[in-house]
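One structure is given below, encoded as structure tokens.
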Amino acid sequence: MSEQVEETELTWERLLLLNKYAVEEIYTKLKILNEEFSHQQSNNPIEHIKTRVKNKESIIRKLESKGIDPTPENAHRHLGDIAGVRLISAFTSDIYTLFEALKRQDDLDIIKVKDYIKHSKPNGYQSLHILVEVPIFLAAGRRPMRVEIQIRTIAMDFWASLEHKLYYKYDINVPQHIGDELKECASIINDLDKRMLEIKSQIDHYGKVYGKRP
């Protein structure tokens with residue numbers, strides 16, 4: 001077993017590189033799961049995999065908003081979402097299938113789970129957020145890194161992407177009635193996900209009854 005290492009001095013360049021390695025570790029695991037699901041199941045719960053590492057400017061803004069001195073060491077210590085992976089699924093049931101698959105990964109430690117599907121945010125946002133710790137293997141030894149994994153349906157991702165553009169791209173105070181409309185749209189999308197899952201269940205049922213592939 002390789003020895004765990006900690007670096008005494010962390011630069012911004014090194015911080016971003018370590019998080020890049022962490023994202024690549026998670027992506028490799030998910031790519032293997034994706035291929036396995038494709039070969040073993042008629043319904044692959046993974047539609048798309050997206051990865052990202054926050055840039056230095058974004059990290060500094062987040063630290064400052066929390067009242068924390070914006071240093072690489074503080075970013076590593078206090079932020080869990082510098083490295084991020086987003087999994088897109090077709091159905092809400094797929095989200096929890098993927099979550100169970102991740103929990104069975106021996107070298108992946110689940111640190112925190114925020115289920116915004118069962119308990120959506122006040123603005124209507126829905127997604128399953130999982131903060132994990134994954135080891136990366138460096139020349140000097142093993143180092144644990146945190147990665148935030150978000151799992152959501154295609155519909156949830158569509159809403160979240162548009163909401164993000166409306167609120168953050170233009171950096172303005174959006175009137176209350178627009179926020180109310182966005183929340184209503186989130187409710188409509190939630191209903192759509194439920195109806196599509198019900199249709200899938202019916203198709204699966206008929207497939208079993210008549211011996212056809214669901």
Of the residues Q126, Q105, which is at negative phi, within 13 Å of the chain's Cα centre (by Cα) and in a loop (DSSP other than H, G, I, E, B)? Q126
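Conditions (1) more than 20 Å from N44 (Cβ to Cβ); (2) in a helix (DSSP H, G or I); (3) touching a residue at least 24 places away in the same chain (Cβ under 8 Å); (4) touching a strand residue (DSSP E or B) at 6+ places or on another chain (Cβ under 6 Å), marked per residue:
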site: N74; (1), (2), (3), (4): yes, yes, no, no
site: H119; (1), (2), (3), (4): yes, no, no, no
site: I136; (1), (2), (3), (4): yes, no, yes, yes
site: R146; (1), (2), (3), (4): yes, no, yes, yes
site: M156; (1), (2), (3), (4): no, yes, yes, no
site: A160; (1), (2), (3), (4): yes, yes, yes, no
site: L166; (1), (2), (3), (4): yes, yes, no, no
May I ask you to list the residues in segment 127-165 that are closer than 30 Å to L192 by Cβ and β-branched (V, I, T)? I130, V132, V147, I149, I151, T153, I154
Among all residue pairs at least 6 apart or on different chains, which show Cβ distances below 6 Å where the first residue, located in segment 83-95, is surrounded by 21 or more Cβ atoms within 10 Å (Cβ to Cβ) and small (G, A, S) and the second is part of a strand (DSSP E or B) and modelled with pLDDT of 95 or more? A83/V53; A83/V147; S89/T153
For segment 49-66, what are the residues that are of a type outside the set (A, V, I, L, M) and in a helix (DSSP H, G or I)? K56, E57, S58, R61, K62, E64, S65
Tell me the residue from I49, I60, I82 that is within 30 Å of L197 (Cα to Cα) and among the hydrophobic types (A, V, I, L, M, F, W, C), please. I49
All but one of (1) under 23 Å from R14 (Cα atoms); (2) free of Cβ contacts under 8 Å to residues at least 60 places away in the same chain; (3) assigned to a helix (DSSP H, G or I) hold for D69, so report the exception by its number. (3)
Kindly indicate which of I88, I49 is closer than 28 Å to I203 by Cβ and touching a His at 6+ places or on another chain (Cβ under 7 Å). I88
Condition first: under 22 Å from the mean Cα position of the chain (by Cα) and either among the hydroxyl-bearing types (S, T, Y) or within 13 Å of G124 (Cβ to Cβ) (or both). Now tell me which residues in segment 193-209 satisfy that. D193
State the number of residues belonging to segment 10-48 that are among the small types (G, A, S), assigned to a helix (DSSP H, G or I) and touching a residue at least 24 places away in the same chain (Cβ under 8 Å). 1
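Looking at the structure I just gave you, is L138 of a type in the set (A, V, I, L, M, F, W, C), over 22 Å from L98 (Cβ atoms) and either surrounded by 13 or more Cβ atoms within 10 Å (Cβ to Cβ) or in contact with a Lys or Arg (Cβ under 8 Å, 6 or more places away or on another chain) (or both)?
yes
The values are calculated or read from the model by the stated rules, or taken from the named source; none is laboratory data. Predicted model only: the values in this text are computed from it and were never measured. Here the Cβ is made from the backbone with ideal geometry for all residues, glycine too, and neighbour counts use every protein chain on show.
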